[in-house]
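Enquirer: My structure is below; once you've seen it, I'll send some questions.
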Amino acid sequence: QFSEEATVLRQQTRTQNIELTGLNEAFAILNGADTTVTSFGEKQPRAKGKVFVNPLQGVLLIASNLPPAPAGKAYEMWVIPKGGAPVRAGMFQAAGDGTAMHIERRTVDLAATAAVAVTLEVEAGVDAPSNIPLIVAPLPPALQ
């Protein structure tokens, strides 16, 4: 019985460490001196939230009112360059309460990036968006 309890506690510790790492990465982006923020979905009944972009640390998406993806599906984030094809920026799921947080650690050329978008795709992801974006967060014009 102690062995089973120890196994459960180790798993809980691993899960908490993963969550803590994600929060530390989010705080690093939020507190970055060069971080920019843009909102999406304001005054609309669909997903809403903010996208934080730091040129050296990556992209942080925080959303609410985003329903959990159906079985076999997941949300895929895209960095949309000016005049170029969307670049994959990771897969994520929304929580049961409609909230989501997704971090993509990468360098981002703010001057060459038009927007960050999210589509609903097959769980394995796709190389190019195959659905209309559910979220589009244009970067502020001063950065483009």
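The values are calculated or read from the model by the stated rules, or taken from the named source; none is laboratory data. These figures come from a predicted structure and were not determined experimentally. All Cβ positions, even for glycine, are placed from backbone atoms using ideal geometry, and neighbour counts span all protein chains on display. To get the accessible areas, we keep the full protein, side chains included, count just its heavy atoms, and leave off ligands, DNA and RNA. Shrake-Rupley method; radii C 1.70, N 1.55, O 1.52, S 1.80 Å.
Enquirer: Give me the dipole magnitude in Debye, nearest 20, for the chain about the Cα centre, with unit charges on the beta carbon: positive for Lys and Arg, negative for Asp and Glu. Could the numbers behind the result be given before it?
Expert: Numbers: 11 positive and 13 negative charges, 68 e Å.
Approximately 320 debye in magnitude.
Enquirer: Quick check: net charge around residue 123, other residues with Cβ under 11 Å of its Cβ, Lys/Arg +1 and Asp/Glu -1?
Expert: Details: positive: 73; negative: 76, 121.
Cβ neighbours under 11 Å give a net charge of -1.
Enquirer: While we're here: Tell me the relative contact order for the range 25-73 as a rounded percent, counting alpha carbon contacts under 8 Å between residues six or more apart.
Expert: Relative contact order comes out at 31 percent.
Enquirer: Counting each DSSP H run of 4 or more residues in the chain as -39500 (n - 2.57), what helix-only mean residue ellipticity at 222 nm follows after dividing by all residues, to the nearest 500 deg cm²/dmol?
Expert: Rounded to the nearest 500, it is -7000 deg cm²/dmol.
Enquirer: Below 14 angstrom from the Cβ of residue 105, what's the summed charge of the other residues (Lys, Arg +1; Asp, Glu -1)?
Expert: 0
Enquirer: Follow-up. Could you tell me the center-to-center distance, by alpha carbons, between the range 92-112 and the range 8-67 in angstrom?
Expert: That distance is 6 Å.
Enquirer: Provide the per residue accessible area, probe 1.4 Å, for the chain, rounded to a whole number of square angstrom.
Expert: Result: 58 Å² per residue.
Enquirer: Still on this structure: If you roll a 1.4 Å probe over the chain with all protein chains in place, what percent of the accessible area is carbon or sulfur? Please report the intermediate quantities before stating the final value.
Expert: Details: 4860 of 8310 Å².
Its accessible area is 58 percent carbon and sulfur atoms.
Enquirer: (1) 53, 29, 26; (2) 60, 35, 31; (3) 43, 28, 24: which one is Cα extents along the principal axes in Å as calculated from this entry?
Expert: Answer label, from the structure shown: (2).
Enquirer: Further, regarding this structure: Can you tell me, using C-alpha contacts under 8 Å and at least 6 residues apart, the relative contact order of the chain as a whole percent?
Expert: It comes to 22 percent, rounded to a whole number.
Enquirer: Also, quick follow-up: Residue 14 versus residue 43, label points 7 Å from Cα toward the beta carbon: distance in nm?
Expert: Output for this residue pair reads 4.8 nm.
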